[in-house]
Amino acid sequence: MPAQNGPVGTGYSWSGVVDFLQDQVRAWDRERAEFQLEKAELNERIVNMEGQLRGQENVNKDLLRRIKMLEFALKQERIKYAKAFREKNPSVDENRVLQEFRADNVPSPEAASATVQQLIDKRNEDKRPKSSRTLLKRYLEELGYVDDASPEHQKNRTSTLPASLRDMLNEGAAYKKSRKDESNMQTLPAQPTAPKEQQTRKTRWLVADATKIEADVENHSATDPMLPATRMTWHAKRVLKNHVDSVRCLTFAPSSNVLATASEDAMIKLWDLSPMEEEVEGKARLIAADDIADVEPFFTLRGHTGPIFAMCTSPVLEGLLYTAGADRRIRCWDMPTPKTTTLYGETGGDMRDMGSMDGHTDVIWSLAHHPVQPLMLSASSDSTVKMWKTLDSAKPPPKGFSPLVHSLSVPLKSSSAADIPTSVAWIPADLQHFAAGFVSARVAFFDSQTAQVVRELSWNEDSNVDFENPVDQVNCIISHNTLPLLIAGHEDRCIRFYDVNAASSSIASMVGHTDALSCLAIDPSGLYLVSGAHDGSLRFWDLRQRLCLHEISAHRKKFEEATMCVSYHPAKAVLASGGADSVVKLYDSM
């Protein structure tokens, strides 16, 4: 009799069929899992390749932008050398000098643009990046941007130039060699210009003031930590993380080892730098981030109701800190010291808010305290620059005390409306005067006693100002420690120099950043300038030669903003910067 547990005549059982189907389902599940895994791996590879592609495209765009900048600078240098040579030799044709200057294997701007386009089209080839790098190196060497002072390098640079220009460089080298070079801080000779009686302040300050700087440097002690025998390079050593929004301003306390930082989170953090330092050869140096645990601020000041955009300390009364921002109010704080605080709060328990100054009707962008007098400046979007009387004693001000001294405004040339100030600074070379930068790209100088505008300087004579989208506004200004020199950082990526005693436009300019300038600082020796911009970098400049010596990547970009503030320590070789990525970085020199 046939079996009754399966179909008749098939030879299969129900249990066998079920087992077979279960095996097929398990195999299908396994294949699906393998497929999903392989799909995830391929998606990850695609994302990585797309990221690499975007990175290469960004590099190519940046390369093209820099090439165009160098093309423009190269054209200007060629015209300048040709005109200078023609003034020295009137009988020589200027066009012939230009042709001779271009002749010796220096690519033209059109050839450079074509080369860059080929780099973009064939970026996977191995030889193209080498040709691009060689092209960039040639441009940089021609402009004097490459910092290589070896005799072999100088010989190669001059040997590729025409004979006429080589003679001019030899004359300049002879002049430079005649000057003493005891401190390795030599000033480059001025390029061939018009006769001496026709020279303006634009060239005189470069030689006379640089000579003064050299004399001051020679009088400094050889043990000065800010003046080593060789040029300093800066490296990030510490990253301070405690703010929850963009760090807008920071400053070192003049007499203590404390760093104060203010942010858009409406809080002021005080950091003790002593645990981050160690003694090396008699000098305090920062400890690397991996050597110690994360450092927390020892005190936090709260009182502002909006983002803080400006901060300054009082040189007159030790321990006073002034802050201002979006709440239109200037607050005065009595800064505690690490010795008076513990992990559980301040031991004294006194209130740290010393009062406030009201008078502005819009955001306050900048504060600047007088170096020796109890006076302070503030710049606001309400189109006014105000001068305030600050505290000169530790006692709170009496009732009815009015700190406002002057309220100043500068009208626009094209209308009756007032210009908007963005930054203010006192002039140490002439403490009776101060300067302010405006949205219209102007720099105005004021008399602190008469509250009148002494003169206005502007590199751009266009009077049409677009307040909604300013192209070349002044974002920050700073005055030199000892020289009558004002330095301004503009929205158009330029750093411009202004002579305080001259009634002319800017006397010099530098371009290096790829985005708008945001902050400037001069080291205590007065020899070097550091600039921060929204491209996320810090650039270090030699003020005597107006050359970029060093560049480091500082902060990440957020909402089209990156590096926001920078400051030197007044007595140590320490630099601090804050950015839109909510972190504060400390740098040490090597």
The one condition Ser577 fails out of (1) open to solvent by 20 Å² or more (accessible area, probe 1.4 Å); (2) modelled with pLDDT of 90 or more; (3) over 27 Å from Lys68 (Cα atoms) is (1)
The correct count of residues that are crowded, with 16+ Cβ neighbours inside 10 Å and either of a type in the set (A, V, I, L, M) or under 28 Å from the mean Cα position of the chain (by Cα) (or both) in the stretch 356-372 is 9
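Quick grid of which residues meet (1) among the charged types (D, E, K, R); (2) exposed (fewer than 15 other Cβ atoms within 10 Å of the Cβ); (3) in a strand (DSSP E or B):
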| site | (1), (2), (3) |
| --- | --- |
| Ser402 | no, yes, no |
| Val424 | no, no, yes |
| Phe434 | no, no, yes |
| Ser440 | no, no, no |
Going through the stretch 260-273 in order, the residues found to be open to solvent by 20 Å² or more (accessible area, probe 1.4 Å) and either within 14 Å of Leu240 (Cα to Cα) or at pLDDT below 70 (or both) are Asp272
Selection from the stretch 357-372 of residues touching a residue at least 40 places away in the same chain (Cβ under 8 Å) and outside any loop (DSSP other than H, G, I, E, B) yields Met357, Ile364, Trp365, Ser366, Leu367, Ala368, His369
Counting only residues in the stretch 332-345 that are open to solvent by 40 Å² or more (accessible area, probe 1.4 Å) and under 17 Å from Ile268 (Cβ atoms), the one modelled with the highest pLDDT is identified as Asp334
Among residues of the stretch 373-388 being part of a loop (DSSP other than H, G, I, E, B) and of a type in the set (Ser, Thr, Tyr), the residue nearest to the chain's Cα centre (by Cα) is Ser381
Here the qualifying pairs (Cβ atoms under 8 Å; residues six or more apart or on different chains; first in the stretch 50-68 and open to solvent by 50 Å² or more (accessible area, probe 1.4 Å); second not in a helix (DSSP H, G or I)) come out as Gln56/Arg123; Arg65/Thr514; Arg66/Thr514
Ile478 under 12 Å from the mean Cα position of the chain (by Cα) and either hydrophobic (A, V, I, L, M, F, W, C) or in a loop (DSSP other than H, G, I, E, B) (or both): no
Note on the stretch 283-308: residues closer than 22 Å to Asp245 by Cα, at pLDDT 70 or above, part of a loop (DSSP other than H, G, I, E, B) and of a type outside the set (S, T, N, Q) are Val295, Glu296, Pro297, Phe298, Gly303, His304, Gly306, Pro307
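The values are calculated or read from the model by the stated rules, or taken from the named source; none is laboratory data. Computed from a prediction, not measured in an experiment: that's the story for all the values here. Neighbour counts are summed over all protein chains in view; Cβ atoms, including those assigned to glycine, are modelled from backbone coordinates with ideal geometry. To get the accessible areas, we keep the full protein, side chains included, count just its heavy atoms, and leave off ligands, DNA and RNA. Shrake-Rupley method; radii C 1.70, N 1.55, O 1.52, S 1.80 Å.
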